[in-house]
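> Right, I'll just put the structure down here and ask away after.
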Amino acid sequence: MTELIAVAVITVLAVISPGADFAMVIRNSYLYGRATGLMAAAGVAAGVLVHVTYTMLGVGLLIASSTALFTAIKLVGAGYLVYIGLRTFFARGDLDVDLETKPRLTRLGALRTGFLTNALNPKTTLFVVSTFTQVVGPDTALWQQAGYGLFMSAAHFGWFALVALFFSNPRLRTSMLKWQKTLNRGIGSVLVGLGVTLGLAR
């Protein structure tokens, strides 16, 4: 029971803390609508499972003990955040806002973006690896570890689905699109800042 409570508390705190995944889901939701935002949320949840899988296989312990390997993963993830941040910052400010037309970002594209955002996110790496190393012991059953991982993924989807539903509200979405260029630059700056900060962090 203590392990379960620890996993739940750590997961909730990690999920609701703003990061690249939060900014990305907001952007996709207000630019392209509810379905695209929900697909991005599903991608974020799927990205969590990547970290859960290699952690359960023991690679997470290797990352925790190997500075070189962790640094490589951190730099790749930081580079990806800077890349999507720059793309967001320099995005056009006059996109077609008609909900009936085909969006520039497909639902599959949104799923892929959400997946890559978390699969390459050093913050998610640290969250999953640290949680497992703190609450999982030699006697923890495999099914129990899998349950923890599925809970982490489901918590991410639940939170970011709510974010997508809120920011895809037609009235709010229309209002936000009037300020699209400013929002793009703000979100893009946050993503670039996160990427640079994570890349320089030791």
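The values are calculated or read from the model by the stated rules, or taken from the named source; none is laboratory data. Please read all numbers here as calculations on a predicted model, not as lab measurements. For neighbour counting, all protein chains shown are included, and Cβ atoms are generated from backbone atoms with ideal geometry for every residue, glycine included. SASA here: full protein model, heavy atoms, side chains in, ligands and nucleic acids out. Shrake-Rupley method; radii C 1.70, N 1.55, O 1.52, S 1.80 Å.
> Conditions: (1) touching a helix residue (DSSP H, G or I) at 6+ places or on another chain (Cβ under 9 Å); (2) open to solvent by less than 60 Å² (accessible area, probe 1.4 Å); (3) at pLDDT below 75; (4) assigned to a loop (DSSP other than H, G, I, E, B). G60 meets all but one. Number of the miss?
Looking at each condition in turn, G60 falls short on (4).
> From the list L108, L116, pick out the single residue that is exposed (fewer than 15 other Cβ atoms within 10 Å of the Cβ), modelled with pLDDT of 90 or more and within 16 Å of V25 (Cα to Cα).
L108
> Could you go through region 7-29 and let me know if any residue there is at pLDDT below 85, farther than 24 Å from T140 by Cα, touching a Pro at 6+ places or on another chain (Cβ under 9 Å) and open to solvent by 10 Å² or more (accessible area, probe 1.4 Å).
no
> So which residues in region 134-154 are within 13 Å of A8 (Cβ to Cβ), open to solvent by less than 30 Å² (accessible area, probe 1.4 Å) and either among the aliphatic types (A, V, I, L, M) or not in a helix (DSSP H, G or I) (or both), if there are any at all?
Of everything in region 134-154, those that are within 13 Å of A8 (Cβ to Cβ), open to solvent by less than 30 Å² (accessible area, probe 1.4 Å) and either among the aliphatic types (A, V, I, L, M) or not in a helix (DSSP H, G or I) (or both) turn out to be V135, M152.
> Also: Only one residue in G47, G33 is under 30 Å from K178 (Cβ atoms) and at pLDDT 85 or above, so which one is that?
G33
> Which count do you get for residues in region 178-196 that are open to solvent by 20 Å² or more (accessible area, probe 1.4 Å) and in a helix (DSSP H, G or I)? Steps first, please.
We begin by selecting, within region 178-196, every residue open to solvent by 20 Å² or more (accessible area, probe 1.4 Å); these are 178-179, 181-183, 185-187, 189-190, 192-194, 196.
Narrowing further to those that are in a helix (DSSP H, G or I): 178, 181-183, 185-187, 189-190, 192-194, 196.
Within region 178-196, residues that are open to solvent by 20 Å² or more (accessible area, probe 1.4 Å) and in a helix (DSSP H, G or I) number 13.
> If you don't mind, another one. Consider G79 against the criteria (1) closer than 30 Å to N169 by Cα; (2) at pLDDT 80 or above: it satisfies all of them except one. Which criterion is unmet?
(1)
> Would you mind stating whether V128 is open to solvent by less than 70 Å² (accessible area, probe 1.4 Å) and either of a type in the set (A, V, I, L, M, F, W, C) or more than 15 Å from L31 (Cβ to Cβ) (or both)? Don't jump to the end; show me each part of the working.
Working: open to solvent by less than 70 Å² (accessible area, probe 1.4 Å): yes; either of a type in the set (A, V, I, L, M, F, W, C) or more than 15 Å from L31 (Cβ to Cβ) (or both): yes.
It is true that V128 is open to solvent by less than 70 Å² (accessible area, probe 1.4 Å) and either of a type in the set (A, V, I, L, M, F, W, C) or more than 15 Å from L31 (Cβ to Cβ) (or both).
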